[in-house]
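Single-structure report; data block below.
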Amino acid sequence: MIGLTTLARLSTLLAGAFAATLCAGPAAHAAMSDWVDNQGGRMRLVALAPDAEGHIRAALQIEPQPGWITYWREPGQSGIPPQVTLAPGSGVTLEKASYPTPKQIMVGNIQEIGYDAPLTLPFDFRTTSKAPAKLELTAFIGLCKDICIPFQADYSLELPAGEQPTTHELALLDAAKASLPQAPSSDFALQSHSLSADAKTLALRLTLPEASGDAPTIYVTGPAGYAFFEQANAKREGTAYSADITIGKLPKNYDIKGKTWGILVVDGDRAMETTLALE
């Protein structure tokens, strides 16, 4: 199945983006913003002062209201992923954005991939400035229930070098890191993959952490805006698992050769994420 963002719903979100823009204002703590509220939830930014190499650990806390959802980096059949835009000329760049393990959520007859509970998105930034760092960015997410509400907020955090983080700030960032899918390991890994000649089926062989259980949930992320998760011919034999992932329609003139796709496998309470090199 292709998880391509539908134009109609995206238009609904973007149409009200400017009206929904909010400013976080002065930080309540040295490295934590105030909460910014929206009809569907709230969010805030937490960050640590840069280390000796200029790395900045940060995270965006998102708390949807009960019954509301927000989205993973590939949202499925609808919705939009979280977006972070740094202030131009700030001397800060985004090196990596990470996402906790999502879940499949049915909204009517639409299959979406996201979160229906509080989550924290870790970010790795880098500053090239020798002056005390200032993290200025705009965060934009979609929150959906019966309707979709665009949620945009501007943040500005002073991060003076050498300032010690509080125990609370460190705990938030450490918990966010712990919530991420793990890297491949000896007991949980992708063993092989092959794409059919017509690019309609991706055959996978996996090693799973448990010898029994239900079929794992598998998300394959291809070109931006596309996610595939429909399984066929699934077989679990001990810790060995094989399945074919149905690949839907790809972008026109898309050349698969040499591309790298992502794969996330969720088996019970464990999740593993890696990449697929396509030949």
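Number of residues in segment 111-131 that are in a strand (DSSP E or B) and either under 19 Å from the mean Cα position of the chain (by Cα) or within 15 Å of P82 (Cα to Cα) (or both) equals 12.
For the condition within 16 Å of E279 (Cα to Cα) and of a type in the set (D, E, K, R), K235 does not qualify.
Counting the residues of segment 126-159 that are surrounded by 21 or more Cβ atoms within 10 Å (Cβ to Cβ) and out of contact with any strand residue (DSSP E or B) (no Cβ under 6 Å at 6 or more places or on another chain) gives 1.
Being in a strand (DSSP E or B) and either under 10 Å from L143 (Cα atoms) or under 12 Å from the mean Cα position of the chain (by Cα) (or both) is the filter here; which residues of segment 78-87 pass it?
The answer is Q83, V84.
Report yes if some residue within segment 177-188 is in a loop (DSSP other than H, G, I, E, B), of a type in the set (D, E, K, R) and in contact (Cβ under 8 Å) with a residue 24 or more places away in the chain; otherwise report no. Give the steps one after another, and end with the answer.
As a first pass, look at segment 177-188 and keep what is in a loop (DSSP other than H, G, I, E, B): 179-181, 183-184, 186-187.
This time we only want the ones that are of a type in the set (D, E, K, R), so: 187.
Still in the list and also in contact (Cβ under 8 Å) with a residue 24 or more places away in the chain: 187.
The answer is yes, given that some residue of segment 177-188 is in a loop (DSSP other than H, G, I, E, B), of a type in the set (D, E, K, R) and in contact (Cβ under 8 Å) with a residue 24 or more places away in the chain.
State all residues of segment 226-263 that are in a strand (DSSP E or B) and surrounded by fewer than 19 Cβ atoms within 10 Å (Cβ to Cβ); if no residue qualifies, say none. Within segment 226-263, Q231, A232, N233, A234, K235, E237, A240, S242, D244, T246, T260, G262 qualify. Entry remark, segment 244-255: residues being touching a strand residue (DSSP E or B) at 6+ places or on another chain (Cβ under 7 Å) and under 26 Å from S98 (Cα atoms) number 4 in total.
Across segment 160-193, the qualifying residues are those that are more than 18 Å from the chain's Cα centre (by Cα) and surrounded by fewer than 12 Cβ atoms within 10 Å (Cβ to Cβ), and the one among them that is nearest to I247 (Cα to Cα) is S192. Restricting attention to segment 75-91, the residues that are modelled with pLDDT of 95 or more and crowded, with 17+ Cβ neighbours inside 10 Å total 2. Among the residues of this structure, D154 counts as one that is modelled with pLDDT of 95 or more and either farther than 25 Å from F229 by Cα or within 17 Å of the chain's Cα centre (by Cα) (or both). Quick check: anything in segment 42-52 within 30 Å of G268 (Cβ to Cβ), small (G, A, S), without any contact (Cβ under 8 Å) to a residue 40 or more places away in the chain and not in a strand (DSSP E or B)? Within segment 42-52 (the criterion being within 30 Å of G268 (Cβ to Cβ), small (G, A, S), without any contact (Cβ under 8 Å) to a residue 40 or more places away in the chain and not in a strand (DSSP E or B)), the answer is no, since none of the residues qualifies.
Right, F151: outside the structural domain of Y219 (by TED's automatic domain parsing) and farther than 27 Å from G268 by Cα or not? For F151, the condition - outside the structural domain of Y219 (by TED's automatic domain parsing) and farther than 27 Å from G268 by Cα - is met. Is one or more of the residues making up segment 88-99 under 19 Å from the mean Cα position of the chain (by Cα) and either assigned by TED's automatic domain parsing to the domain that holds K249 or more than 26 Å from H168 (Cβ to Cβ) (or both)? Among the residues of segment 88-99, at least one is under 19 Å from the mean Cα position of the chain (by Cα) and either assigned by TED's automatic domain parsing to the domain that holds K249 or more than 26 Å from H168 (Cβ to Cβ) (or both), which makes the answer yes.
Being outside any strand (DSSP E or B) and aromatic (F, W, Y) is the filter here, so list the residues in segment 54-77 that pass it.
First pass over segment 54-77, keeping only residues outside any strand (DSSP E or B): 54, 65-68, 77.
Result: W68, single match.
The values are calculated or read from the model by the stated rules, or taken from the named source; none is laboratory data. This is a predicted model, so every value here is computed, not measured. In this analysis, Cβ positions are derived from the backbone assuming ideal geometry, glycine residues included, and neighbour counts consider all displayed protein chains.
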